[in-house]
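Quick one: this structure, given as structure tokens, is what I'll be asking you about.
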Amino acid sequence: MSTVRVCVLGLGGGGFAWEAQKIVSSVRRPLELVLVFSGPRGGLKYFFSDHQVVGSYDIRSPALTGDRTLGQVRVLGENVLAAFKIIRKERPDVVLAVGTAQAIPWALAARVLHCPIWYAESVTRVRTPSRTARIMQSLATRNYFFWRELPLTGMCMEDA
Amino acid sequence: MIFVTVGTISFDDLVRHMDEAVSRGELTDVLLQIGSNGIYIPKHCEYFRARPGIDEYYRAADLVVGHGGTGTTLGVLEIGTRLVSVRNPTMSADHQDEFLSALERLGLVSYCRNLADLPTVIRRRLQEPKPPPCDVTRFFCAVVSDLEHFEKKASNMRM
């Protein structure tokens with residue numbers, strides 16, 4: 001079975017990172033991981049997985065609590081540029097984002113570079129989708145969510 | 001042992017309620033994780049702010065009291081320790097209520113909606129048998145499956 005190179009966004013502690021780690025750790029196929037840590041101060045840089053880590057980056061995510069609008073716009077731009085550079089350098093087969101707002105700038109770069117980007121809504125969202133999930137409906141190559149009450153299109157895992 | 005965890009974001013109301021319950025003799029053998037920025041310091045319980053390897057405390061505990069965060073909730077369910085969950089209302093985008101209510105419907109957590117009821121809910125839950133470990137991968141099954149069956153195509157990436 002060939003190795004798949006996956007760029008994982010939104011790491012650095014918290015629920016999104018836990019969910020992303022659980023997904024990656026559950027995959028029974030060799031993966032090469034490119035990890036993108038984020039958080040108020042770059043986030044916590046730990047990630048436990050049996051898969052090989054081939055790259056690791058530290059980029060502040062937009063839309064963190066406490067950021068002002070102008071700051072968020074600046075970070076958004078920084079993320080688009082960083083996404084272009086990292087996708088071109090690491091050539092992932094797929095970019096995976098769980099819940100994180102970092103998915104939006106990365107989706108812009110991934111679409112231009114023809115790299116698939118998958119967005120999974122956080123399992124904590126049961127009836128009300130996040131703003132990121134609503135935006136990613138039109139940006140992601142694939143959208144996933146768990147609860148069937150969510151007014152989203154994509155793969156509903158509660159029905160799977 | 002009852003292990004109480006607030007995760008990375010402080011939840012002083014929960015810590016204070018647990019500490020007061022111990023002071024009144026309603027609960028015993030309580031260990032609190034109060035978060036790196038928790039302000040309320042327990043006077044009647046052992047506590048620590050944050051430590052790596054918190055799963056070991058989940059395993060050692062008879063019951064875990066946790067906030068409604070993903071890592072805590074699914075992490076405890078995966079191990080199979082009794083769990084009483086409390087929503088942290090100070091979280092931005094308060095969706096813990098939705099999440100915990102949904103898990104309660106599935107019979108996976110005891111959701112305590114009022115902190116004043118917490119000692120009663122804990123004592124009742126302690127009377128119940130320990131739950132079996134829950135396969136939390138079910139919450140992510142399609143993503144995992146798609147990664148396992150991902151077919152690499154000749155790259156048409158613009159590089």
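Residue check: is A:VAL36 modelled with pLDDT under 95, outside any strand (DSSP E or B) and either more than 11 Å from chain B (Cβ to nearest Cβ) or open to solvent by 30 Å² or more (accessible area, probe 1.4 Å) (or both)?
No.
Name every residue in the range A:15-28 that is part of a helix (DSSP H, G or I) and over 20 Å from A:LEU76 (Cα atoms), in order of residue number.
Once the filter is applied, which keeps residues that are part of a helix (DSSP H, G or I) and over 20 Å from A:LEU76 (Cα atoms), the range A:15-28 yields A:GLY15, A:TRP18, A:GLU19, A:ALA20, A:GLN21, A:LYS22, A:ILE23, A:VAL24, A:SER25, A:SER26.
Still on this structure: Does the range B:122-135 contain at least one residue that is part of a helix (DSSP H, G or I) and within 12 Å of chain A (Cβ to nearest Cβ)?
No, there is no match, as no residue in the range B:122-135 is part of a helix (DSSP H, G or I) and within 12 Å of chain A (Cβ to nearest Cβ).
Go over the candidates B:SER85, B:SER110, B:SER101 one by one and state the one that is farther than 20 Å from A:ARG127 by Cβ and at pLDDT 90 or above.
B:SER110
Can you tell which of B:THR90, B:THR81, B:THR73 is among the β-branched types (Val, Ile, Thr), touching a residue at least 24 places away in the same chain (Cβ under 8 Å) and open to solvent by 70 Å² or more (accessible area, probe 1.4 Å)?
B:THR90
Just to be sure before I move on: is A:THR141 more than 7 Å from chain B (Cβ to nearest Cβ), under 22 Å from A:VAL73 (Cβ atoms) and within 16 Å of the chain's Cα centre (by Cα) in the structure I sent?
Here the answer is no, as A:THR141 does not meet what is asked.
Take the residues in the range B:93-120 that are under 18 Å from A:LYS22 (Cβ atoms), part of a loop (DSSP other than H, G, I, E, B) and in contact (Cβ under 8 Å) with a residue 12 or more places away in the chain; name whichever of them is nearest to the chain's Cα centre (by Cα).
So the residue we want is B:VAL109.
Follow-up question, since we're still on this one. Of the residues B:ARG59, B:ARG158, only one is at pLDDT 95 or above and more than 21 Å from A:ARG125 (Cα to Cα); which?
B:ARG59
The values are calculated or read from the model by the stated rules, or taken from the named source; none is laboratory data. These figures come from a predicted structure and were not determined experimentally. Here the Cβ is made from the backbone with ideal geometry for all residues, glycine too, and neighbour counts use every protein chain on show. Only protein heavy atoms, including side chains, enter the accessible area calculation; ligands, DNA and RNA are left aside. Shrake-Rupley method; radii C 1.70, N 1.55, O 1.52, S 1.80 Å.
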